[in-house]
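Novice: Quick one: the structure is below, questions incoming.
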Amino acid sequence: MDNIKTKDLLKIKHLLGIKGMCREDLELILKTSASFKQILDTPNKKVAALKGITVVNMFFENSTRTKLSFEMAEKRLSADVVNFAASSSSLKKGETLIDTARNIEAMKIDMVVMRHSTPGAHKMLLDNLDSVIINAGDGAHEHPTQAILDLMTIDEKIPDLRGKRVTLVGDIIHSRVAMSNIHALQLYGAKVQLCGPATLIPKGIEKLGVEVTYDLEEAIKNSDVMNILRIQLERHVGPSFPSLREYHNFWGITNEKLSKAKNDILILHPGPMNRGVEIDDDVADGDHQVILEQVLNGVASRMAILYLLSANIGGIK
Amino acid sequence: MINNIQLNKSNFDELSKSCVIKNGTIIDPHNEKEYLSDIKIINGIISEINESITTGPDDLIIDAKGKYISPGFMDMHVHLREPGYEQAETLITGSNAAMSGGFTRLALMPNTTPCVDNIFVYNDICRRTENLLVNIHQIPAVTVGREGKSLVEMAELNDNGALAFSDDGDGIQSSEAMKGALQYSGMFNVPILVHEEDKTFLDGVMNESFVSTELGMSGIPNIAESSMIARDIEISRYVDGYPHFQHISTQESVKLIREAKKEGLKVSSEVTPHHFSLTDEKVKTFSTDYKMNPPLRTQEDVDEILKGLQDGTIDVIASDHAPHTPEKKNVEFDYAPFGVLGLETLFSVGVTYLVNTNVLSLVEYLKKITINPRKILNLDYDLINVGKMAELTIFDISSEWKVDRRKLLSKSLNTCYHDETLDGQVQVVINNSKIYKR
Ligand SMILES: [Zn+2]
């Protein structure tokens, strides 16, 4: 616990996205995450760091995993947790996001974790609330806590990412994970490569300094890390996507394809997985994957983020 | 109407029986002349244009020293929201905004509720806009309900003064409907004003570009506009109709229209101030004031539009004035309606971004907001003559002003130039024996 009671402060006051963050902030978050991860290994698993602090999880879009992970992190920090889900919300009755958020804030809360389908929705909270805001995903824009837990997982295995090639595979265009991952990995000096069908690669993304390839076999050969993005089954088949069968044949990760990879390649997946589509069973349960480590790191890093940002409660915007 | 009586008050006065504009510089885009002169107006009609007109005790004297006197501006692309969405704008608040922007003449788009797709709604709007300073030309829809299927009763509407037809707000998806519209309207020589957009692409909320990629927003690609322009150029050549392309926004559109004009086809086009002065980088603020359709594009598109304005590919600058209430705009970007205000900033944005940057001379600029829209709509465009109705706008090119959304006369606030300092300001507008003074 000693190294958690640091006097170090993040430069950011809210976590809206990785874009614009500095490496020092990411390093401080990862260092703090490592300490919390140790606590999660102790029998008690709980600290009093956010005692008396109220956190609201506002989820305007389904996300069982991210919500569970945040809630777990908040409870491990002894925060008071309130959940607000869109299905039970008044938004459907025509109340605006701003009114809803102001109403909740009027009940004296300190931090808001929000998932929303519209890019930039968090900016509206920032402009209208005094609480600390944490983005749990805004459309296909940013999902910073996912990028941080991915980075933590990679960093544990590959402490110096400079010059290493990390490939994001699959549906880049609809992914809320991709953009945040690219920014975080680049801050750590990694070469980022994107691989998937051309119809799922968004326009002009090379301008971010990433490599783009449609050839998975090529990408498997030259990658140190592969992050396999989820194919959203309900979304795709149509003009940009022939079939899951074809997707699996050409961009699904199988052990056979992985036989050409570097020996120590790491396989990540943000979950939930579509086994047999973007990833095969034998890979999802195989030696290279760190998927359950990601889940544990998700809780540890969200604890770190909540804890570090709690320094801004009641204060500076 | 009980509500909004204050807001709906017209901001003009009756012009005195006799009035003299002294010491101004007349700028006449039709005759490409610029000269110091006084103008005498009796009963609303220009009675004398002379270097020094002596005034009597009963004359209203308007001092225009250091200012320009131009034919009244015309905006051929405006949404005044009446009937159906009067919370955002009415015919009266909209015409107040128009006067304040220097306009004496507007063409209104028909996407109201009910839609202007028959003689009865059309006549009702004509009746409601009698006796204003601003002449209002209601443009009827091309197709019934703007559904892109069957044509409205164009011949009857044309007989009753309709100058053109438009399904603006939506592109006409059916090629057969567009062919019919161009062919039928071609009989009486009026244009179809076309909002070009292929809706079979996925719905987007901003330009599809590197910026939409960075923001994770769904995009509207350039080809959603340009492919339809290409189609309609082909159709118009085939049936001998006249498409006027509204609010063009892409470099590809400019190039297609330039080629069509070179070939001698009867086509024309307009651009909005926001499409030549702003780019999609603005969306990074997430402000819904930058959400409009067509969306703000890239700098390369803006550059080609500026070339198109210079070489005459783009004939007209029109505002696409599209008021929305704060309640509708102050929501998440995905949920906000498309559209921005334009009437009160158009002239100054043009001065700031075209004239003062030497893209266009003042007289070339004025052509695009005075005589060109009138030519396209078959209206009189040789206005500064003795015997003509005085339809004049007096402006100061050197004064600058800061846009404050709360001070605009429009009923809505959704300008994308809030807090920006612009050059050039309208001082006085005269039309229909009425006068508006800032
Ligand atoms: Zn339109």
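Novice: Which residues, counting only those in the stretch B:159-175, are within 15 Å of the ligand (Cβ to nearest atom) and among the small types (Gly, Ala, Ser)?
Specialist: Across the stretch B:159-175, the qualifying residues are B:Ala164, B:Ser166, B:Gly169, B:Gly171.
Novice: On the basis of being open to solvent by less than 30 Å² (accessible area, probe 1.4 Å), within 22 Å of the chain's Cα centre (by Cα) and within 24 Å of A:Gly204 (Cβ to Cβ), does B:Glu214 make the cut?
Specialist: Spelling it out, it is not the case that B:Glu214 is open to solvent by less than 30 Å² (accessible area, probe 1.4 Å), within 22 Å of the chain's Cα centre (by Cα) and within 24 Å of A:Gly204 (Cβ to Cβ).
Novice: Inspect all residues belonging to the stretch A:183-200 and state whether any of them is closer than 21 Å to A:Ala284 by Cβ, small (Gly, Ala, Ser) and more than 16 Å from the chain's Cα centre (by Cα).
Specialist: Looking for residues that are closer than 21 Å to A:Ala284 by Cβ, small (Gly, Ala, Ser) and more than 16 Å from the chain's Cα centre (by Cα), one finds at least one in the stretch A:183-200, hence yes.
Novice: Would you check if A:Ser310 is small (Gly, Ala, Ser), open to solvent by 20 Å² or more (accessible area, probe 1.4 Å) and over 23 Å from the mean Cα position of the chain (by Cα)?
Specialist: Numbers: small (Gly, Ala, Ser): yes; open to solvent by 20 Å² or more (accessible area, probe 1.4 Å): yes; over 23 Å from the mean Cα position of the chain (by Cα): no.
Here the answer is no, as A:Ser310 does not meet what is asked.
Novice: Moving on. Any idea which residue in the stretch B:195-238 is farthest from the ligand (Cβ to nearest atom), counting only those that are closer than 22 Å to B:Leu296 by Cβ, of a type in the set (Asp, Glu) and at pLDDT 95 or above?
Specialist: My answer is B:Glu214.
Novice: Looking only at the stretch A:185-197, how many residues end up being in a helix (DSSP H, G or I) and away from chain B (no Cβ under 14 Å)?
Specialist: From the stretch A:185-197, those in a helix (DSSP H, G or I) are A:185-187; that's our starting set.
Within this subset, residues satisfying the condition of being away from chain B (no Cβ under 14 Å) are A:185, A:187.
Going through the stretch A:185-197 one residue at a time, the tally reaches 2.
Novice: Residues that are open to solvent by 10 Å² or more (accessible area, probe 1.4 Å), more than 12 Å from chain B (Cβ to nearest Cβ) and either in a helix (DSSP H, G or I) or polar (S, T, N, Q) (or both): does the stretch A:132-146 have at least one?
Specialist: Yes; the residues of the stretch A:132-146 include at least one that is open to solvent by 10 Å² or more (accessible area, probe 1.4 Å), more than 12 Å from chain B (Cβ to nearest Cβ) and either in a helix (DSSP H, G or I) or polar (S, T, N, Q) (or both).
Novice: OK, next. Restricting attention to the stretch A:280-307, which residues are open to solvent by less than 40 Å² (accessible area, probe 1.4 Å) and more than 13 Å from A:Phe36 (Cβ to Cβ)?
Specialist: The first filter runs over the stretch A:280-307 and keeps only residues open to solvent by less than 40 Å² (accessible area, probe 1.4 Å), leaving A:280, A:283-284, A:286, A:290-291, A:294, A:297-306.
Answer for the stretch A:280-307, where residues must be open to solvent by less than 40 Å² (accessible area, probe 1.4 Å) and more than 13 Å from A:Phe36 (Cβ to Cβ): A:Asp280, A:Val283, A:Ala284, A:Gly286, A:Val290, A:Ile291, A:Gln294.
Novice: So, in the stretch A:6-29, exactly how many residues are surrounded by fewer than 20 Cβ atoms within 10 Å (Cβ to Cβ) and under 15 Å from the mean Cα position of the chain (by Cα)?
Specialist: Qualifying residue count, the stretch A:6-29: 1.
Novice: For the stretch B:24-78, give me every one of the strands (runs of 3 or more DSSP E) that falls completely inside it and has 2 or more residues that are open to solvent by 10 Å² or more (accessible area, probe 1.4 Å).
Specialist: Qualifying strands (runs of 3 or more DSSP E): B:33-42, B:45-50, B:60-63.
Novice: Could you list, in sequence order, all residues of the stretch A:199-215 that are surrounded by fewer than 20 Cβ atoms within 10 Å (Cβ to Cβ) and either within 17 Å of A:Gly252 (Cβ to Cβ) or more than 14 Å from chain B (Cβ to nearest Cβ) (or both)?
Specialist: Within the stretch A:199-215, A:Thr199, A:Glu211, A:Thr213, A:Tyr214, A:Asp215 qualify.
Novice: If I ask for residues that are of a type in the set (A, V, I, L, M), open to solvent by 20 Å² or more (accessible area, probe 1.4 Å) and away from every other protein chain (no Cβ under 14 Å), which ones from the stretch B:327-341 would you list?
Specialist: none
Novice: Still on this structure: Tell me, please, whether a residue that is away from chain B (no Cβ under 14 Å), assigned to a helix (DSSP H, G or I) and under 21 Å from the mean Cα position of the chain (by Cα) can be found in the stretch A:221-239.
Specialist: yes
Novice: Hey, does the stretch B:180-191 have a residue that's surrounded by fewer than 20 Cβ atoms within 10 Å (Cβ to Cβ), on the phi > 0 side of the Ramachandran plot and without any contact (Cβ under 8 Å) to a residue 40 or more places away in the chain?
Specialist: No: the stretch B:180-191 contains no residue that is surrounded by fewer than 20 Cβ atoms within 10 Å (Cβ to Cβ), on the phi > 0 side of the Ramachandran plot and without any contact (Cβ under 8 Å) to a residue 40 or more places away in the chain.
Novice: Exactly one of these conditions fails for B:Asp168: (1) open to solvent by 10 Å² or more (accessible area, probe 1.4 Å); (2) acidic (Asp, Glu); (3) under 27 Å from B:Pro221 (Cβ atoms). Give me its number.
Specialist: Of everything listed in (1) open to solvent by 10 Å² or more (accessible area, probe 1.4 Å); (2) acidic (Asp, Glu); (3) under 27 Å from B:Pro221 (Cβ atoms), B:Asp168 misses just condition (1).
Novice: Those residues that are assigned to a loop (DSSP other than H, G, I, E, B) and open to solvent by less than 10 Å² (accessible area, probe 1.4 Å), I need them from the stretch B:342-359; list them, please.
Specialist: The answer is B:Gly342, B:Leu343, B:Thr345.
Novice: State which residue pairs qualify: first residue facing chain A (nearest Cβ under 10 Å) and inside the stretch B:196-215, second residue within 15 Å of the ligand (Cβ to nearest atom) and of a type in the set (Gly, Ala, Ser) in any location, beta carbons under 6 Å apart, and separation of 6 or more residues or different chains.
Specialist: Final answer for the pair search is B:Phe201/B:Ala224.
Novice: Separate question: How many residues does the stretch A:104-131 hold that are assigned to a loop (DSSP other than H, G, I, E, B) and either open to solvent by less than 10 Å² (accessible area, probe 1.4 Å) or within 13 Å of chain B (Cβ to nearest Cβ) (or both)?
Specialist: We begin by selecting, within the stretch A:104-131, every residue assigned to a loop (DSSP other than H, G, I, E, B); these are A:107-110, A:117-120, A:129-131.
Checking which are either open to solvent by less than 10 Å² (accessible area, probe 1.4 Å) or within 13 Å of chain B (Cβ to nearest Cβ) (or both) leaves us with A:117-120, A:129, A:131.
Summing the residues that are assigned to a loop (DSSP other than H, G, I, E, B) and either open to solvent by less than 10 Å² (accessible area, probe 1.4 Å) or within 13 Å of chain B (Cβ to nearest Cβ) (or both) in the stretch A:104-131 gives 6.
Novice: Condition test on A:Phe70, is it within 27 Å of A:Lys51 (Cβ to Cβ), at pLDDT 95 or above and in the same structural domain as A:Ile39 (by TED's automatic domain parsing)? Write out each step before concluding.
Specialist: On the way: within 27 Å of A:Lys51 (Cβ to Cβ): yes; at pLDDT 95 or above: yes; in the same structural domain as A:Ile39 (by TED's automatic domain parsing): yes.
When the stated conditions are applied, A:Phe70 passes them.
Novice: Find the residue count for the stretch B:272-314, including only residues that are away from the ligand (no atom under 16 Å from the Cβ), buried (at least 24 other Cβ atoms within 10 Å of the Cβ) and not in a helix (DSSP H, G or I).
Specialist: Of the residues in that region, 1 qualify.
Novice: Would you confirm whether any residue within the stretch A:243-250 is more than 23 Å from the chain's Cα centre (by Cα) and assigned to a strand (DSSP E or B)?
Specialist: Kept after step one, since they are more than 23 Å from the chain's Cα centre (by Cα), are these residues of the stretch A:243-250: A:243-250.
When the remaining residues are screened for being assigned to a strand (DSSP E or B), the result is none.
Within the stretch A:243-250 (the criterion being more than 23 Å from the chain's Cα centre (by Cα) and assigned to a strand (DSSP E or B)), the answer is no, since none of the residues qualifies.
Novice: Could you give every pair whose Cβ atoms fall below 9 Å, whose first residue belongs to the stretch A:282-297 and is under 12 Å from A:Ile228 (Cα atoms), and whose second residue is assigned to a strand (DSSP E or B) and open to solvent by 50 Å² or more (accessible area, probe 1.4 Å), counting only separations of at least 6 or pairs across chains?
Specialist: Taking only residues 6 or more apart or on different chains, the pairs are A:Ala284/A:Arg275.
Novice: Among the residues of the stretch B:111-157, count how many are open to solvent by less than 30 Å² (accessible area, probe 1.4 Å) and either of a type in the set (Lys, Arg) or assigned to a strand (DSSP E or B) (or both).
Specialist: 3
Novice: Check B:Gly241 against each of (1) open to solvent by less than 10 Å² (accessible area, probe 1.4 Å); (2) within 16 Å of the ligand (Cβ to nearest atom) and name the one condition it does not meet.
Specialist: (2)
Novice: Mind listing just one residue for me: the one in the stretch B:176-194 that is out of contact with any strand residue (DSSP E or B) (no Cβ under 7 Å at 6 or more places or on another chain) and closer than 21 Å to B:Ser253 by Cα and, of those, nearest to the ligand (Cβ to nearest atom)?
Specialist: In this case the residue turns out to be B:Met178.
Novice: Restricting the stretch B:315-326 to residues that are more than 29 Å from B:Thr213 (Cβ to Cβ) and within 16 Å of the ligand (Cβ to nearest atom), which is nearest to the other protein chains (Cβ to nearest Cβ)?
Specialist: The residue in question is B:Pro323.
Novice: If we scan the stretch A:83-103, do we find a residue that is part of a strand (DSSP E or B) and buried (at least 24 other Cβ atoms within 10 Å of the Cβ)?
Specialist: Checked the stretch A:83-103: no residue is part of a strand (DSSP E or B) and buried (at least 24 other Cβ atoms within 10 Å of the Cβ).
The values are calculated or read from the model by the stated rules, or taken from the named source; none is laboratory data. Computed from a prediction, not measured in an experiment: that's the story for all the values here. We place every Cβ from the backbone using ideal geometry, glycine too, and count neighbours over all the protein chains shown. Only protein heavy atoms, including side chains, enter the accessible area calculation; ligands, DNA and RNA are left aside. Shrake-Rupley method; radii C 1.70, N 1.55, O 1.52, S 1.80 Å.
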